[in-house]
1. Quick one: Pro213 ticks every box in (1) at pLDDT 85 or above; (2) part of a loop (DSSP other than H, G, I, E, B); (3) in contact with a Pro (Cβ under 9 Å, 6 or more places away or on another chain) bar one, so which box is it?
2. Which residues, taken from the stretch 60-89, are within 24 Å of His285 (Cβ to Cβ), assigned to a helix (DSSP H, G or I) and either within 23 Å of the chain's Cα centre (by Cα) or not assigned by TED's automatic domain parsing to the domain that holds Met110 (or both)?
3. Only one residue in Ala255, Ala313, Ala281, Ala304 is in contact with an Asp or Glu (Cβ under 8 Å, 6 or more places away or on another chain) and closer than 21 Å to Val214 by Cα, so which one is that?
4. Which helices (runs of 4 or more DSSP H) sit wholly inside the stretch 117-201 and have at least 1 residues that are over 30 Å from Arg238 (Cβ atoms) and not assigned by TED's automatic domain parsing to the domain that holds Gly327?
5. Considering each of Asp262, Asp201 in turn, give the residue that is under 22 Å from His285 (Cβ atoms), of a type in the set (Asp, Glu) and modelled with pLDDT of 95 or more.
6. Among the residues of the stretch 233-244, is any assigned to a loop (DSSP other than H, G, I, E, B), in contact with a strand residue (DSSP E or B) (Cβ under 7 Å, 6 or more places away or on another chain) and more than 16 Å from the ligand (Cβ to nearest atom)?
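The values are calculated or read from the model by the stated rules, or taken from the named source; none is laboratory data. Treat the numbers as computed from the prediction; the structure is a model and nothing was measured. Cβ placement follows ideal geometry from the backbone for every residue including glycine, while neighbour counts extend to all protein chains displayed.
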Amino acid sequence: MTQTPAHEHLPAHAPSGDLPVADIPHRLRVTDTDPKAARRAERQVATMFLLSMVFGIAFVVAYFAIDPEVAVYIPVLGEVGASNVVLGVTMGASIFLIGAGAIQWAKKLMPDVEVVQQRHSLTAPKDETQKAEANYQRGKEESGFARYPIIRRTLIGAMALFPIPLVVMLRDLWDSPPGSPSPQEILSTTLWHDGMRIVTDGTYQPIRPEDMPVGTLVSAAPADLMEVQEAEHNLNARGKAAIILVRMEPDEIRAQQGDGWDYQGIVAYSKICTHVGCPIALYEHRTHHLLCPCHQSTFDLADAGNVIFGPAARRMPQLPIGVDEEGFLVAKAGFAEPVGPSFWERNA
Ligand code: FES
C-alpha cells in the first residue's frame, strides 16, 4: 500500500480550521493510484444503483401482477402470500442496493483524508464560572433554603412522599371496588339498540345505503351520541360505540355473527381492536381484511370478523343493521359481544 505524508492530501475545500494529521502517514487506496481500479469501482457503484432501479420496477409490476390470494410454501415459514414475499424481497433489495452502492462510493471514490478539526476549549472562562457560582449563592440566600431548616426538611419529606398516591392509584388497574360492574359488563353495554340511526362520525349525517358504493368504508357513530356525551360527559360512550361500515358484494360475505346482520352487503363492526383497543380503519377492499395499525392484528370482515393474523385473541364484534322507514341505516340491536380489548377474559 502506497503511503504519503498526510498534508499532501488535504483537500483544497477543507474548512479553514482543519489541519492535516501530522503523525499518521496517509495510505492511498488502489482507486487513488490506479485509474482502471477507479473506473471499475465506478462501474460497480453504478451497477448497484441500476439494480436498485430494476428491483424498484419489479416491485411495482409484482404489486399489480400477483394475486394477493396466491400462497407459496417456504420451508420454516410454511404457507405465506406470494405477493408479500415478492414485494418484500424486491423492496428490500432495492433499498439495500442503494445503501451498498453509497457505501462503496464513499469508501472507494470519495476524497479520503485524515484531518484534525480545531475546536475551542469547552471549559467556561474563569470569570463566567465565578458569576455562575455567585448567582447560585444569591439564589440560595434569597430562597432562605439554608436559613429555614424546618422548611427545607419538610419540603424534602413532601417531595419524597409525593409519588406515593400515584403508586396507590395503580391498584385500580387490577382491582375494582366490590359491587362495581365487571369490565365485561361495562364493555357489553353501548349506546346501540334497536332502531338507533347510524350517522357518520364527525359530521353526524344519517347514512342511506345508496351513499355507500361497494368498497367504501365509513367511520360511524350512534345518532344520539352528542346528546349523551354532553349530558353525561361520557367520553367512554363514544369510544365504546364507534363502528365502521363496509360495503361489499352480498355474495362475498362468507359468514356473519348472526343471520342477516348485513344490509345488502353493508356490514357494521366495532372500530375498537379486540387486542388492546386501538381504533381501526385500515381496510383492504379486495380481501376484506381489516388491519390494526398498532400490532398488526388482521380481521376478515367477509368471515364474521374473525382474526386471521396477529395478537388479537377475539373476533371483532358485529352490529346487526337494517334501514328504517325513511331508508336510513339503523342498528337492529346492540352488540352481542363485549367491544374493545379482551383483558377481562383472563379472569373469566
Ligand atoms: S391494538 Fe390492535 S393489534 Fe394491538
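1. Only one criterion in (1) at pLDDT 85 or above; (2) part of a loop (DSSP other than H, G, I, E, B); (3) in contact with a Pro (Cβ under 9 Å, 6 or more places away or on another chain) is unmet by Pro213, namely (3).
2. Correct list: Tyr63, Ser83, Asn84, Val85, Leu87, Gly88.
3. That would be Ala255, the only listed residue that is in contact with an Asp or Glu (Cβ under 8 Å, 6 or more places away or on another chain) and closer than 21 Å to Val214 by Cα.
4. Result: 126-143, 149-161, 163-169.
5. Values: Asp201 fails: modelled with pLDDT of 95 or more.
Selected residue: Asp262, the only one of Asp262, Asp201 that is under 22 Å from His285 (Cβ atoms), of a type in the set (Asp, Glu) and modelled with pLDDT of 95 or more.
6. No, there is no match, as no residue in the stretch 233-244 is assigned to a loop (DSSP other than H, G, I, E, B), in contact with a strand residue (DSSP E or B) (Cβ under 7 Å, 6 or more places away or on another chain) and more than 16 Å from the ligand (Cβ to nearest atom).
Let's see how each residue does on (1) surrounded by fewer than 17 Cβ atoms within 10 Å (Cβ to Cβ); (2) hydroxyl-bearing (Ser, Thr, Tyr):
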residue: Tyr283; (1), (2): no, yes
residue: His289; (1), (2): no, no
residue: Val307; (1), (2): no, no
residue: Pro311; (1), (2): yes, no
residue: Asp324; (1), (2): yes, no
residue: Phe335; (1), (2): no, no
residue: Val339; (1), (2): no, no
